[in-house]
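Student: Mind looking over this structure? Questions follow.
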Amino acid sequence: MADIIIPELGESITEGTISRWLKKEGDSVQAGDLLVELETDKVNLEISAEADGVLGTQLKGEGDSVQVGEKIGTITATGGSGGNKAASEPKASEAAAASAAPPNHESAGSRNIQNAGPVENPTQVKASPAARKLAREKGIELDGIKGKDPLGRIFPDDVRGAGAAPAASQSQTSQPGEVKQQSAPAPSGTAPDSFGSKPVERQRMSRRRQTIANRLVEAQQTAAMLTTFNEVDMTAILDVRKRRKQTFLEKHDVGLGFMSFFTKAVVGALKAFPYLNAEIDGQDILVKKFYDIGIAVAAKEGLVVPVVRDADRLGFAEIERTIAGLADKARSNTLSLSELQGGTFTITNGGVFGSLLSTPILNTPQVGILGMHKIQLRPVAIDAERMENRPMMYIALSYDHRIVDGSEAVRFLVKVKELLEDPETLLLEG
């Protein structure tokens, strides 16, 4: 028999949540087969079988939290029919019992199956660990639930659909002298009847959403965070893209977007104001001499920030290609841990969703984050006599005032603005 153990998940990750089992109890597996999908703070990982056999008891169910090194199931070695070792190796005592059994009793073979380990007692409700946990939380009796599974097993969706009525009715049928079993308290938060008869759906936060929430609150509580604003006239960049877009695509097989311009501008400004590329370590300041720029991406499971490594050494095409690849991985949930770790500064683009202005929250332990916004035509004074409609974008810099002074933050943002409004300098400054 082989144990299924949660392996080392990567730097700083010590636990995860079982997202789903890819095999059922009793399924035959081979070494290398994927068994379970694990959701961690940053990425989803798949755990594979290390031996051939049959999947035994699942000690942890979908939605359960697990630690690195924890046992979550077993694989039993195949032997005889269906991996039933007891059936292929009958004991002498069992054989004797079989010969002494009265005529109408079950066969020795069926008794062997019942004694073969983790198979549930026929009088017990067959339910996954996650379903049992959810039923306890909701105060629902499992024997009152009819599952959709053809084998009669009950899963979390069956419990959610059952509601709390069965448990309530059963708790009221106690006989005289019995202590009535009270249903389990409702999950923390708003009580089910707080909204009267109005429909409310309770959803459990995913582990990644919980991590995002905790990190954002931590950033606001630990950093002296301020935001400064400016605006950029995007006329020059739009002109370059219009003239060079098709040639750029044909030569590099990637589109010329805005992110390469902004990444180059940020790198140029970071070189001029290095404290925006630093972090605090106790009473020390770690000034980083490399430029790994995080690009915030909105994925299905929540915001992730993959990192463009050594952005100062990359050309426009390489930056665009790298960002496009990372964004595709983020949306398909295939990013590796190494692609999410170690950024020195972050860029987030709310403009793609129509945001006109925002105050981005720091991606700790970084001390700076640049927010891009929607490009919008606005009247701009060219001189004392003339006004023109120009494509303008508000940009925002949130920074940690503990090591970045206000004047330094303002000048950093002005530097970004100057580089963007004169794109040719990005080849020199970036």
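Every read-out reported here was derived from the displayed coordinates using simple, explicitly stated rules and does not represent laboratory data. The structure displayed is predicted, hence computed values, not measured ones. Here the Cβ positions follow ideal geometry from the backbone for every residue, glycine too, while neighbour counts run over all protein chains shown.
Student: How large is the Kirkwood hydrodynamic radius of the range 254-306, counting all unique pairs of alpha carbons, in Å?
Tutor: Values: mean 1/r = 0.0761 Å⁻¹.
The Cα-based Kirkwood calculation yields 13.1 Å.
Student: Return an integer: the convex hull volume of the alpha-carbon atoms of the range 242-365, in Å³ per residue. Write out the running numbers ahead of the final one.
Tutor: Numbers: hull volume 16.8 nm³, N = 124.
For the range 242-365, the hull spanned by Cα atoms encloses 135 Å³ per residue.
Student: If you count the DSSP beta bridges with both ends in the range 274-420, what percent of them are antiparallel, to the nearest 5?
Tutor: Details: 19 of 26 bridges.
Here the share of antiparallel DSSP bridges comes out near 75 percent.
Student: Tell me which of Gly406, Ile347, Gly325 sits at the most positive position along the dipole axis of the range 265-419, charges placed on C-beta atoms (Lys, Arg +1; Asp, Glu -1).
Tutor: Towards the positive end, the residue furthest out is Gly325.
Student: By average Cβ neighbour count within 10 Å, what is the ranking of 313-321, 394-402, 238-246 from highest down?
Tutor: Working: 313-321: 18.1, 394-402: 21.1, 238-246: 12.8.
Final packing ranking: 394-402, 313-321, 238-246.
Student: Quickly rank 211-224, 350-363 as a protection proxy: mean count of other C-beta atoms within 10 Å, highest first.
Tutor: The peptides rank, most packed first, as 350-363, 211-224.
Student: Right, something else. Could you tell me the distance between the Cα centroids of the range 220-250 and the range 342-393, to the nearest Å?
Tutor: Spelled out, the Cα-based centre of one part sits 7 Å from the other.
Student: If you plug each phi of the range 370-380 into the Karplus form 6.51 cos²θ - 1.76 cosθ + 1.60 with θ = phi - 60°, what whole-Hz ³J(HN,Hα) values come out, in order, with x for Gly and Pro?
Tutor: 9, x, 9, 9, 5, 7, 9, 5, 9, x, 10
Student: Using θ = phi - 60° and the Karplus relation 6.51 cos²θ - 1.76 cosθ + 1.60, list the HN-Hα couplings for the range 292-298 in order, rounded to whole Hz, with x at every Gly or Pro.
Tutor: Each residue of the range 292-298 in turn: 9, 9, x, 10, 5, 10, 7 Hz.
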